[in-house]
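Participant: Starting off with a structure, shown below.
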Amino acid sequence: MRNASRALLVIALILFWAPRAELAGIEPVGKWSVEGGAEKEQGSEAGGRVNLGAMGVMPLAGNFGLQARAHYVGGLGSRFGLSAGPLFSWDSGKAGLFVAYQHRTFNSNNFVHLRPSIAFYLPQANVNLYYSHPVSNPQRDGRVFVDRRIQYGINHLVGTFNYFPGFDLAPFMKKDNVEFMLGIQGNSFGGAGTHNLQSGIGPVFGFAFMPMKGWEINVVKGTIDNRGRYRVVSGIAFYFDKLGASLKELRRRYLEPNFGDAGAGGTIKVTHEQPYQSPF
């Protein structure tokens with residue numbers, strides 16, 4: 001896990017000296033998305049998921065703006081949440097600090113995460129780095145004796161490289177409207193559940209394209225770690241953008257440290273046969 005953290009830090013330092021891409025100002029944009037797929041968290045069963053999301057960016061003054069997002073997840077226990085925070089833009093990147101809240105209807109658990117995020121824009125690629133840290137206490141269910149469950153918010157450290165080919169791949173896959181994503185993520189190595197959950201590391205991957213202005217097709221987007229936890233989805237998204245920007249340009253209108261929103265927990269079970277260890 002330390003090696004992954006050091007690698008992401010080295011990438012960030014190198015990018016400060018990378019060639020600058022076009023200007024990345026704060027411009028208004030809205031987005032809604034529908035996704036379906038499968039998910040497996042520690043301590044819970046794998047199953048299908050349906051994800052609904054809405055996101056918006058509002059300029060405030062100069063290089064400052066506000067980004068907010070809402071999401072709903074249906075499946076094995078529904079979840080819904082909100083995240084919001086300020087955006088800062090400079091010539092070749094953006095940075096933000098988001099506060100994310102999520103409510104899980106299964107056992108009525110609530111989690112809060114802090115998510116600093118930064119993106120660097122190269123001529124045909126974006127490099128995204130973000131960290132998500134849980135600040136809420138572990139959540140217990142109401143059972144006292146047998147099969148008592150404790151759920152923790154988990155942390156994520158994620159770095160991705162998003163490449164947009166500068167040429168047409170097909171009649172419906174034009175220049176700057178196709179995205180290949182590849183990255184790495186580490187999880188469950190910090191926060192309240194550090195000593196109770198298994199730390200994991202694994203790839204982040206995705207492929208998307210924009211066949212027509214405003215419409216994005218997510219063929220696949222996912223993450224898998226070495227502990228058997230995963231989240232893989234496909235779906236569509238629509239952008240509210242009066243300028244008719246390309247997929248590459250739209251990605252640079254906002255920060256996306258929110259793929260972990262729908263998978264922010266891990267659960268352990270304590271029975272009468274094993275001593276209870278306080279998570280505090």
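Participant: In region 62-72, how many residues are in a strand (DSSP E or B) and either at pLDDT below 90 or within 13 Å of the chain's Cα centre (by Cα) (or both)?
Facilitator: 3
Participant: For residues that are under 16 Å from Asn107 (Cα atoms) and not acidic (Asp, Glu), scanning just region 130-144, find the one that is modelled with the lowest pLDDT.
Facilitator: Filtering region 130-144 for residues that are under 16 Å from Asn107 (Cα atoms) and not acidic (Asp, Glu), the one modelled with the lowest pLDDT comes out as Val144.
Participant: Would region 206-226 turn up any residue that is of a type in the set (A, V, I, L, M, F, W, C) and within 30 Å of Asn110 (Cα to Cα)?
Facilitator: Scanning region 206-226, I find at least one residue that is of a type in the set (A, V, I, L, M, F, W, C) and within 30 Å of Asn110 (Cα to Cα), so the answer is yes.
Participant: While we're here: Report every pair of residues separated by at least 6 positions or lying on different chains whose Cβ atoms are under 8 Å apart, first residue within region 64-88 and within 16 Å of Asn109 (Cβ to Cβ), second β-branched (Val, Ile, Thr).
Facilitator: Pairs that qualify, where the first residue is within 16 Å of Asn109 (Cβ to Cβ) and the partner is β-branched (Val, Ile, Thr), are Val73/Val50; Gly75/Val50; Gly77/Thr105; Ser78/Thr105; Arg79/Val73; Arg79/Thr105; Phe80/Val73.
Participant: Still on this model: Got a number for residues in region 224-252 being in a strand (DSSP E or B) and within 20 Å of Gly48 (Cα to Cα)?
Facilitator: 9
Participant: Yes or no: Val112 in contact (Cβ under 8 Å) with a residue 12 or more places away in the chain, among the aliphatic types (A, V, I, L, M) and crowded, with 18+ Cβ neighbours inside 10 Å?
Facilitator: It is false that Val112 is in contact (Cβ under 8 Å) with a residue 12 or more places away in the chain, among the aliphatic types (A, V, I, L, M) and crowded, with 18+ Cβ neighbours inside 10 Å.
Participant: Sticking with this structure for a sec: Among the residues of region 265-276, is any at pLDDT 90 or above and not in a helix (DSSP H, G or I)?
Facilitator: no
Participant: I would also like to ask the following. Those residues that are in contact with a Gly (Cβ under 9 Å, 6 or more places away or on another chain) and not in a strand (DSSP E or B), I need them from region 108-126; list them, please.
Facilitator: Scanning region 108-126 gives Pro123, Gln124.
Participant: Before we move on, is Phe88 surrounded by 15 or more Cβ atoms within 10 Å (Cβ to Cβ), hydrophobic (A, V, I, L, M, F, W, C) and modelled with pLDDT of 95 or more?
Facilitator: Yes, satisfied.
Participant: Okay, next question. Would region 86-107 turn up any residue that is under 15 Å from the mean Cα position of the chain (by Cα), in a strand (DSSP E or B) and of a type in the set (D, E, K, R)?
Facilitator: No, every residue in region 86-107 fails to be under 15 Å from the mean Cα position of the chain (by Cα), in a strand (DSSP E or B) and of a type in the set (D, E, K, R).
Participant: Same structure, new question: Considering only region 156-178, how many residues are outside any loop (DSSP other than H, G, I, E, B), crowded, with 19+ Cβ neighbours inside 10 Å and in contact with a Pro (Cβ under 9 Å, 6 or more places away or on another chain)?
Facilitator: Counting residues in region 156-178 that are outside any loop (DSSP other than H, G, I, E, B), crowded, with 19+ Cβ neighbours inside 10 Å and in contact with a Pro (Cβ under 9 Å, 6 or more places away or on another chain) gives 3.
Every residue, every condition in (1) farther than 19 Å from Ala46 by Cα; (2) charged (D, E, K, R); (3) crowded, with 17+ Cβ neighbours inside 10 Å, yes or no:
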{"residue": "Gln185", "(1), (2), (3)": "yes, no, yes"}
{"residue": "Met210", "(1), (2), (3)": "yes, no, yes"}
{"residue": "Glu216", "(1), (2), (3)": "yes, yes, yes"}
{"residue": "Val219", "(1), (2), (3)": "yes, no, no"}
{"residue": "Ile224", "(1), (2), (3)": "no, no, yes"}
{"residue": "Gly228", "(1), (2), (3)": "no, no, no"}
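Participant: Oh, and also: Say whether the condition of being hydroxyl-bearing (Ser, Thr, Tyr) and more than 20 Å from Ala170 (Cα to Cα) is met by at least one residue in region 220-228.
Facilitator: yes
Participant: Now for a different question. From the list Gly36, Gly43, Gly48, pick out the single residue that is in contact with a Gly (Cβ under 9 Å, 6 or more places away or on another chain) and assigned to a loop (DSSP other than H, G, I, E, B).
Facilitator: One residue alone meets the criteria, Gly43.
The values are calculated or read from the model by the stated rules, or taken from the named source; none is laboratory data. Remember, it's a predicted structure, so these values are computed and weren't measured experimentally. Heads up, the Cβs are rebuilt from the backbone with ideal geometry, glycines too, and the neighbour counts pull from every protein chain shown.
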